[in-house]
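Visitor: First the structure, then my questions, so here it is.
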Amino acid sequence: MPTAAPHIVVLIPTWIEARPFVLAHGDTVEVFRCGVGSLACAEATIRTIRRRRPDRLVLAGIAGARDRALPLCRSLLVEQENLAALGSLRDGGFHPLAAHDTPERNGYRCSLPDGAPFRSVVSDTVETAGTPYRSPLSSAAIENMEGAGFFAVCRTFGVPFTELRCLSNYVGDPFAQWRLGEATERLAADLVRLLEWLHTTPSATEQSTNHP
């Protein structure tokens, strides 16, 4: 008997990010808005797991590039989310929660199946875009506002997960320079490509969900 296709549900933070994909493909895959920020995304992820019982969850959205060598409007998979902006202001400066540890001990990793169709990078999850308060140990190439909450919930519930981000701007650039329209169109096209790959990859639902 043929193997049933995995039940994959997509979460996208905002309608602006979701619109191109939903208008073109919303009748072929379940898509829900998860809201902006790690807490909103975590809550939406829990609701989705409980109500929809997916084989895999995909978080898709735009992101800012910390590495200016990365081309804008390029989609990337996230292999690790750091809580690099978590800490305190004291003694005249910012002190990360894990200031004397490695970024991996202050974040969450994602085990991707072999042969992924996009480059994978490390990301910082922040509450304020472009925040100057960030761990100097972070190796993140990009930043976003939802990833850590999404990773944490999926790992806790044992649900395989994937995060796809398309770069709309460089961190610190004025909002007027963000290439939102182009990035969201590219995100929609690349999300289709990712879903096709996940549906045809035998290991797509065999992801490790243990903490490093």
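Visitor: Which residue out of 49, 142 is in contact with a helix residue (DSSP H, G or I) (Cβ under 9 Å, 6 or more places away or on another chain), among the aliphatic types (A, V, I, L, M) and open to solvent by less than 50 Å² (accessible area, probe 1.4 Å)?
Guide: Values: 142 fails: in contact with a helix residue (DSSP H, G or I) (Cβ under 9 Å, 6 or more places away or on another chain).
After ruling out the rest, the residue left standing is 49.
Visitor: Let me ask you something else. Hey, residue 92 hits all of (1) surrounded by fewer than 16 Cβ atoms within 10 Å (Cβ to Cβ); (2) closer than 16 Å to residue 145 by Cβ but one; which does it fall short on?
Guide: Failed condition: (2).
Visitor: Please count how many residues of segment 162-212 are touching a strand residue (DSSP E or B) at 6+ places or on another chain (Cβ under 8 Å), buried (at least 17 other Cβ atoms within 10 Å of the Cβ), modelled with pLDDT of 95 or more and part of a helix (DSSP H, G or I).
Guide: The total comes to 8.
Visitor: Select from segment 112-131 the residues that are closer than 22 Å to residue 87 by Cβ and free of Cβ contacts under 8 Å to residues at least 60 places away in the same chain and write down the one among them that is surrounded by the most Cβ atoms within 10 Å (Cβ to Cβ).
Guide: 124
Visitor: So in segment 6-49, with the set limited to residues that are of a type in the set (Ser, Thr, Tyr) and not in a helix (DSSP H, G or I), which one is modelled with the lowest pLDDT?
Guide: For segment 6-49, the residue satisfying everything is 28.
Visitor: What's the number of the condition residue 38 fails, among (1) open to solvent by less than 40 Å² (accessible area, probe 1.4 Å); (2) of a type outside the set (Lys, Arg); (3) within 18 Å of residue 180 (Cβ to Cβ)?
Guide: Exception for residue 38: condition (3).
Visitor: Given the residues 155, 134, 109, which is the only one that is surrounded by fewer than 21 Cβ atoms within 10 Å (Cβ to Cβ), free of Cβ contacts under 8 Å to residues at least 60 places away in the same chain, basic (Lys, Arg) and closer than 29 Å to residue 95 by Cβ?
Guide: 155
Visitor: Where in segment 50-144 are the strands (runs of 3 or more DSSP E), entirely inside, with at least 3 residues that are of a type outside the set (D, E, K, R)?
Guide: Those strands (runs of 3 or more DSSP E) span 56-65, 75-82, 87-90, 93-96, 120-125.
The values are calculated or read from the model by the stated rules, or taken from the named source; none is laboratory data. Computed from a prediction, not measured in an experiment: that's the story for all the values here. We place every Cβ from the backbone using ideal geometry, glycine too, and count neighbours over all the protein chains shown. To get the accessible areas, we keep the full protein, side chains included, count just its heavy atoms, and leave off ligands, DNA and RNA. Shrake-Rupley method; radii C 1.70, N 1.55, O 1.52, S 1.80 Å.
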